[in-house]
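Input: a single structure, listed below in structure tokens.
Any read-out appearing in this document is the output of simple, stated calculations on the displayed coordinates, not a laboratory observation. Values in this document were obtained by computation on a predicted structure and should not be read as measured data. Cβ atoms come from the backbone with ideal geometry, glycine included; neighbour counts cover every protein chain shown.
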Amino acid sequence: MKKDLISITDLSISEIKDIFSLSSKVKKNKKKYSQALFGKTIALIFQKPSLRTRVSFEVGIKQLGGSAIYLGREEVNLGVREAVSDVAKTLSRYVDGIVARTFEHKYVVELAKYADVPVINGLSDLLHPCQALADIFTLEEKLKKVKGIRLAYIGDGNNVCNSLLHISAKLGINVNVASPMGYSPGDDTLSAARSIADTTGAKINVFFDASSAVKDADVIYTDVWTSMGQEEEREKRIEIFKDFQTNKALLSLAEKDCLVMHCLPAHRGEEITEEVIESKNSVIFDQAENRLHVQKAIMIKLLNR
């Protein structure tokens, strides 16, 4: 039976740990896994531009002995040029897996519903599970143990924040989210994360000021204030989020060796300063690299079922 990765909630704690274990092995010994997906092909259906997601999946499948075909908006305008169900059923006859990067989350869900091959959420407006898996894998590399650490997420309660909440709750990571009023994660996401956290001992808190959220934090995470598709709100958001910048002053309120994370692309000088990005606390480019290794592990797990 095929398995999809649409949300972190699709994974058990043991499955997350299995992905991390395999990611570590793949990272340490690329040659050993060079034929793990020999002859397999994935289709990349991307409605949004991409650097890390596209390159890491294309390079990843190639390093595993397989291949990828990129289908941009011009080729596959989901739900407009062709019904999503028809795309899913057709591609299932050609490829071994589908990676979808969409504006609306419903398209990823519908692809998974009708496809006979695994569907991986490469980003939707609601969730970004591959990013969250790479992020926490990075923290395990740096800190060895993540259960009980304190992660402060500063900024928009967006898709990245939502998936971080899900995985943190599952792994017992305490999360403080600081967003301006009206920009916190949605009630459904918070409710789901807190329900999981009740079983693991994690604490999920929401703040409306950054200083309170980062007090004694082991990790500070931020993301752009204006995501793709929100360009018309850019000037408004810059004004609303101006007190939520990750800078040296904010970093000084956290633990001395606090790690700084950002999923990229970054708007240097807006949500995060140049000084912090290039500081010794930053693990931002380790995160970016680990997208490759974690997604290779995900593909091995799903495409070899």
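Side notes on the structure shown:
- Value of relative contact order over the chain, rounded to a whole percent, pairs C-alpha under 8 Å and six or more apart: 19 percent
- Radius 10 Å from Cβ of residue 275, net charge of other residues (Lys, Arg +1; Asp, Glu -1): 0
- Projecting the Cα positions of 136, 158, 119 onto the charge dipole of the range 115-161 (unit charges on Cβ atoms of Lys, Arg, Asp and Glu, taken about the Cα centre) puts 136 furthest along the positive direction.
- Of the chymotrypsin sites (Phe, Trp or Tyr not before Pro) found in the range 156-259, no site is in coil according to DSSP while having at most 10 other Cβ atoms within 10 Å of its Cβ.
- Low-density loop cleavage sites - chymotrypsin sites (Phe, Trp or Tyr not before Pro) in the range 16-72, where at most 15 other Cβ are within 10 Å (DSSP): 38
- Annotation note: trypsin sites (Lys or Arg not before Pro) in the range 97-185 located in DSSP loop regions with a Cβ neighbour count of at most 15 within 10 Å are 144, 145, 147.
- Labels on offer are (1) 18.8, 55; (2) 19.4, 61; (3) 21.5, 69, and the one holding Rg and Dmax of the Cα atoms in Å computed from this structure is (1).
- Relative contact order, percent, the range 64-115 [alpha-carbon distance under 8 Å, six or more residues apart]: 40 percent
- Once C-alpha pairs closer than 8 Å and six or more residues apart are averaged by separation and normalised to the residue number of the range 162-222, the relative contact order reads 42 percent.
- Simple Cβ-charge dipole of the range 119-263, Lys/Arg +1 and Asp/Glu -1, about Cα centre, in debye nearest 20: 580 debye
- Selection among 71, 90, 23 by position relative to the dipole of the range 1-138 gives 23 as farthest towards the positive end (Cβ unit charges, Cα centre).
- DSSP beta bridge pairing in the range 1-151, given as percent antiparallel to the nearest 5: 0 percent
- Cβ charges +1 (Lys, Arg) and -1 (Asp, Glu), total dipole of the chain, debye: 1560 debye
- Folded to 0 to 90 degrees: helix 187-200 orientation relative to the chain principal axis, Cα: 90 degrees
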